[in-house]
Amino acid sequence: MSVQTSSGTGAFRTAVVPAAGLGTRFLPTTKAVPKELLPVVDTPGIELVAAEAAEAGAQRLLIVTSPGKDSVAAYFRTDDELVKTLESRGKGELADKVRRAPGLLEVDSVYQYEPKGLGHAVAQAGPALADDEQAVAVLLPDDLVLPTGVLARMAQVREEHGGSVLCAFDVPREQISAYGVFEVSDTGDDDVKQVHGMVEKPAPDEAPSTFAAAGRYLLDRAIFDALDRITPGAGGELQLTDAVALLISEGHPVHVVVHRGGRHDLGNPAGYARAYVDFMLQHPEYGEDLRTWLNERLKD
Ligand code: G1P
């Protein structure tokens, strides 16, 4: 479903994907292959995220990358030679797979030259937006939010309430310190909460709730002004969470859509393995074999 309208306040054209990190948890592979290009079965994680953005109506993917990681944006270029070769060999299905990423949406990139945090990465996207873009989506490529569709719901909530809308997951309190955490109150809708504060990576006993930011943001353009005004926070980094908290303190409306579905964290080998196995088990060709083998393997 596309919620893209030319005038609606929920509309956004650009989806920003921060992908400048070193991928240290996947060294030594990430010496040569950016983390965002690691395959989930056969498709790089960033293509799954790009497809989600396109499905929600984004027309442009703006990848925030770093020098040396140009292969992330290059992955979205067309490869007519390869497509022709595959087609001439009767491999039309493979040719379709190769054509998919470049056909999803327009792809641009900007550099983040220094690793100063997620807030700093998102700030690099500001100058690349057109004057009439009132909102921007941000998708963290480490996070797979399943099934897709939460961005469209977030756009509806922005239409209704204005301001910025984020995606929240209810996580066990003992895991909360890995996340940005929301202080919330109820609205008439069980899956939509109003946000009164946000704190990055709090200790479990200091977390204002168990609702955690899950890597999907629909941010009013005002975020860029707030990002200019924050100082380093958790981990000594410029945090997107702190810019959202600053906006809230100034009266900017912020809501969350609570996503009750699944989620995978592609940002570390353990989460990546789960995502890979999960997608494999649903694969029409490989799923059954893997299930049989896993059942045997787990008996050992
Ligand atoms: C980032 C954000 C955090 C959010 C998380 C979701 O943290 O800073 O607010 O909850 O992504 O995955 P990171 O995982 O980069 O430490």
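The values are calculated or read from the model by the stated rules, or taken from the named source; none is laboratory data. In this text the structure is predicted, and so the values were computed from the model without any measurement. Here the Cβ positions follow ideal geometry from the backbone for every residue, glycine too, while neighbour counts run over all protein chains shown. The area values use the complete protein model at the heavy-atom level, side chains included, leaving out ligands, DNA and RNA. Shrake-Rupley method; radii C 1.70, N 1.55, O 1.52, S 1.80 Å.
Condition test on P115, is it outside any strand (DSSP E or B), in contact with a strand residue (DSSP E or B) (Cβ under 7 Å, 6 or more places away or on another chain) and closer than 21 Å to K69 by Cα? Quick ask: steps written out before the conclusion?
Details: outside any strand (DSSP E or B): yes; in contact with a strand residue (DSSP E or B) (Cβ under 7 Å, 6 or more places away or on another chain): no; closer than 21 Å to K69 by Cα: yes.
Judged against the criteria, P115 is not a match.
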Checklist entry - Which members of region 59-77 meet the condition of being open to solvent by less than 10 Å² (accessible area, probe 1.4 Å) and either over 20 Å from L118 (Cβ atoms) or more than 13 Å from the chain's Cα centre (by Cα) (or both)? => result T65, V72
Item to check | L94 vs. criteria without any contact (Cβ under 8 Å) to a residue 12 or more places away in the chain and among the aliphatic types (A, V, I, L, M) | outcome: yes
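Taking the condition of being among the charged types (D, E, K, R) and open to solvent by less than 10 Å² (accessible area, probe 1.4 Å), how many residues in region 33-50 meet it? Walk me through it before giving the result.
As a first pass, look at region 33-50 and keep what is among the charged types (D, E, K, R): 35-36, 42, 47.
Then drop every residue that is not open to solvent by less than 10 Å² (accessible area, probe 1.4 Å), which leaves 47.
Number satisfying all stated conditions: 1.
Got at least one residue in region 138-150 being on the phi > 0 side of the Ramachandran plot, in contact (Cβ under 8 Å) with a residue 12 or more places away in the chain and among the small types (G, A, S)?
Here is the first cut: in region 138-150, the residues on the phi > 0 side of the Ramachandran plot are 149.
Retained after the next criterion (residues that are in contact (Cβ under 8 Å) with a residue 12 or more places away in the chain): 149.
So of that shortlist, the ones also among the small types (G, A, S) come out as 149.
There is at least one residue in region 138-150 that is on the phi > 0 side of the Ramachandran plot, in contact (Cβ under 8 Å) with a residue 12 or more places away in the chain and among the small types (G, A, S).
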Item to check | The lone exception for T148 - which of (1) at pLDDT below 95; (2) closer than 12 Å to V64 by Cα; (3) not aliphatic (A, V, I, L, M) it fails | outcome: (2)
Next on the checklist: Can you tell me which condition L290 does not meet? The list is (1) within 13 Å of the ligand (Cβ to nearest atom); (2) of a type in the set (A, V, I, L, M); (3) farther than 25 Å from A19 by Cβ, and all the others hold.
Outcome noted: (1)
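The rows are residues; the columns are (1) away from the ligand (no atom under 15 Å from the Cβ); (2) open to solvent by 20 Å² or more (accessible area, probe 1.4 Å); (3) touching a Ser or Thr at 6+ places or on another chain (Cβ under 6 Å).
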position: A130; (1), (2), (3): yes, yes, no
position: D142; (1), (2), (3): no, yes, no
position: L146; (1), (2), (3): no, yes, no
position: Q156; (1), (2), (3): yes, yes, no
position: C167; (1), (2), (3): no, no, no
position: Q175; (1), (2), (3): no, yes, no
Item to check | Matching residues, region 218-266, being touching a His at 6+ places or on another chain (Cβ under 6 Å), surrounded by 18 or more Cβ atoms within 10 Å (Cβ to Cβ) and farther than 22 Å from G21 by Cβ | outcome: H255
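Restricting attention to region 286-300, does a residue exist that is touching a Phe, Trp or Tyr at 6+ places or on another chain (Cβ under 8 Å), open to solvent by less than 40 Å² (accessible area, probe 1.4 Å) and not in a loop (DSSP other than H, G, I, E, B)? First the steps, then the outcome.
At the first step, the residues of region 286-300 found to be touching a Phe, Trp or Tyr at 6+ places or on another chain (Cβ under 8 Å) are none.
The answer is no; no qualifying residue exists.
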Next on the checklist: Residue pairs, Cβ under 7 Å, 6 or more apart or interchain, first in region 152-177 and under 15 Å from Y217 (Cβ atoms), second assigned to a helix (DSSP H, G or I) and at pLDDT 95 or above. List them.
Outcome noted: S164/I223; S164/V244; S164/L247; V165/M154; V165/V157; V165/R158; C167/V150; C167/M154
Checklist entry - Of all the residues that make up region 178-217, how many are more than 13 Å from the ligand (Cβ to nearest atom), buried (at least 18 other Cβ atoms within 10 Å of the Cβ) and small (G, A, S)? => result 0
Item to check | Residues (under 24 Å from V157 (Cβ atoms), in contact with a helix residue (DSSP H, G or I) (Cβ under 7 Å, 6 or more places away or on another chain) and part of a helix (DSSP H, G or I)) located in region 181-240 | outcome: A222, I223, F224, A226, L227, L240
Item to check | Matching residues, region 14-31, being touching a residue at least 24 places away in the same chain (Cβ under 8 Å) and surrounded by fewer than 21 Cβ atoms within 10 Å (Cβ to Cβ) | outcome: L22, R25, F26
